[in-house]
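Worksheet: one structure, shown below.
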Amino acid sequence: MNVKLPFDVPETFSDLTPERLTELETFAVQAASPIRAKGADEVTDEDVETLRALAEVVASVRGEREERAKNVQKTEDRKADFAKLGEVFAAGDKAEDDADAEDGDDVEDAEDKPAAKKDPKKAAVAASGKKVRVSDVAKHTSLADSDKDDTDSGFFTLTAASDVPGFPSGHVFASDLELGRAIEARLSSYSGRKSGYAQHGVAVIRRNFPEELTQKSSGSDDELLEYAARESRLPGGSLTQAIELAVKANPKKALTAAAGWCAPSQTVYDLFEIENGTDGMVDIPQIQITRGGINFTAGPDFASIFAGTGYFHQTEAQVIAATTKPCMVVPCPSFTDKRLEVEGVCITGAILQSRGYPEMVARFTRGAMAVHNHKLNKFVIDQMVAGSTAVDLSPAPVATSVAADDPTSTGMLATVEMAIEDYRYRHRMPFNATLEVVFPHWVLPAIRADWSRRTGVEMTNVSDAQILSHFSNRSARLQLVYDWQDSFAGLATGPGGAAALQEFPQEVLFMVYAAGTWVRGVADVITLDTVYDAANLALNQFVALFTEEGVLVAKMGHDSRLYTVPLCPSGTTSATTAMNCAA
């Protein structure tokens, strides 16, 4: 019996890309789901033949994957042997290279090359004496190399849950698109149901925290928080943090030209996607919470110890008179119990939509997860703002304000340095101690606009690095964040609103605190689930994605300050403004 499958099956699988293999397996699993959902008495001969053909497709895909894995291993073994054997000839190769350089051959290629370990992939091409071309390198590049995801983070592992059709339990997802296909495969299994309730896991996001940042069943939470807040362990110890994100653009498929305009239009299923779920996140130490929360104390600060009554100074007469010397008792600190809270996202969708337009389901899911990240970021920043001491400098008189000349440039820098110096004085910190300074990102173009308008100086080409350097020279580690003082964070006149921004806000808030003052605690596991509910089935609806994440924000330090300062990017300088600092 010839069986017609609802998708094209290639004659050979060896030429298919990994993405195409996954797509075929997903199609086969989806097509098999309605048949598998039938009762034993309802199955026909055609159903059995169709299921057999689909099973052959799945078996062929998995067999091809296993064969490629074996080939990759063979390639790696061959490269390792090649590199090891090549060491025998290393001395001779170096002598020949030196001789060629002296004769002037291939000077351009040999110039400025370090004596580094050679790449085995390029050894065969280089040995031929020919110039290396992209096509030559591609021939020596394995499928495993081309399928790597450079954006993978060592702190997170995204794996498939059990019983996801087409994805073995524990399978590591290589991309968001593959995750979207897994969600689609799970949802397709609900199409044959007529009643009942079912909830299935799709993926598990596990945070791979190092042991020293993980809460233990025995041990002190104070030690955990102290280590997380320790400034010396932060990366590089630099004043400014440069974050370079590798953004992979999905190549767009070129449209095929028709013979004439009488041909029907081609449907383009690509979806516009520009949002980002990683930029603009506030950077504070993070620890893994394995229980319901943490119990900690900040301990005494310098000011409370300074105010103690156990310090004395006596004259000789007082010593002779045996004047009583005062003493003070070490206080018992109070502990703060901070519990995990929940931040989550739930998405419902239509069963038919997931079958007919899976690209939309996957794209919307990615967008929802980006929004989830920003809402989580807003929660953390709001907690930090609520726990900071407000200092309002916006209504200060011009004659006495530290921002008297120019609130956006020199005045802004002076205000930040004043805040840092005052903070260091309060806690008797080292003179060179760096403090965290958090601004909304839109303050950067406001400062640039002000500097480019300054008279007498050519500063129209002001880079981000130039602006950041002025803050770093004042011992400020500047953080520029989203989700604070913008339209999505509740500021009606802030950037990002439905109406285009016509001017920057006339004041801005920034936070100042010592590194480690704020610590974020997170639950160790995040689950992604799909839910089938008979009540929604009547509406052809289902819960496409449900996830929740535990989070808490603990104020480990004593002092965090929230400054409000004026903002006016007019380019005004002290040379063109009458300044009177008299009281």
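Any residue at all in region 447-458 that is at pLDDT 90 or above and acidic (Asp, Glu)? No, region 447-458 contains no residue that is at pLDDT 90 or above and acidic (Asp, Glu). Considering only residues in region 524-558 that are modelled with pLDDT of 85 or more, within 20 Å of the chain's Cα centre (by Cα) and of a type in the set (A, V, I, L, M), the one that is farthest from residue 206 (Cα to Cα) turns out to be 553. Of all residues in region 352-382, those being within 20 Å of the chain's Cα centre (by Cα) and polar (S, T, N, Q) number 3. Out of all the residues in region 59-69, which are hydrophobic (A, V, I, L, M, F, W, C) and surrounded by fewer than 18 Cβ atoms within 10 Å (Cβ to Cβ)? The answer is 59, 69. Looking across region 1-36, the residues that are surrounded by 13 or more Cβ atoms within 10 Å (Cβ to Cβ) and polar (S, T, N, Q) come down to 22, 26, 30, 33. Name the residue that is surrounded by the fewest Cβ atoms within 10 Å (Cβ to Cβ), counting only residues in region 472-500 that are in contact with a Ser or Thr (Cβ under 9 Å, 6 or more places away or on another chain) and assigned to a helix (DSSP H, G or I). Among those residues, the one meeting the criterion is 487.
Scanning region 360-387 for residues that are over 18 Å from residue 490 (Cβ atoms) and without any contact (Cβ under 8 Å) to a residue 24 or more places away in the chain yields one hit, 364.
Touching an Asp or Glu at 6+ places or on another chain (Cβ under 9 Å) and either on the phi < 0 side of the Ramachandran plot or not in a strand (DSSP E or B) (or both): which single residue out of 521, 516 fits that description?
Values: 521 fails: touching an Asp or Glu at 6+ places or on another chain (Cβ under 9 Å).
The match here is 516.
A quick yes/no check of all residues on (1) more than 31 Å from the chain's Cα centre (by Cα); (2) under 27 Å from residue 560 (Cα atoms); (3) in contact (Cβ under 8 Å) with a residue 60 or more places away in the chain:
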site: 422; (1), (2), (3): yes, yes, no
site: 428; (1), (2), (3): yes, yes, yes
site: 432; (1), (2), (3): no, yes, no
site: 449; (1), (2), (3): no, no, yes
site: 453; (1), (2), (3): yes, no, yes
site: 468; (1), (2), (3): no, yes, yes
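Per the listing 68, 52, the residue uniquely over 17 Å from residue 186 (Cα atoms), more than 40 Å from the chain's Cα centre (by Cα) and not in a loop (DSSP other than H, G, I, E, B) is 52.
The values are calculated or read from the model by the stated rules, or taken from the named source; none is laboratory data. From a predicted model like this one, the values you see are computed outputs, not experimental measurements. Glycine also receives a Cβ, built like all others from the backbone with ideal geometry; neighbour counts cover every protein chain displayed.
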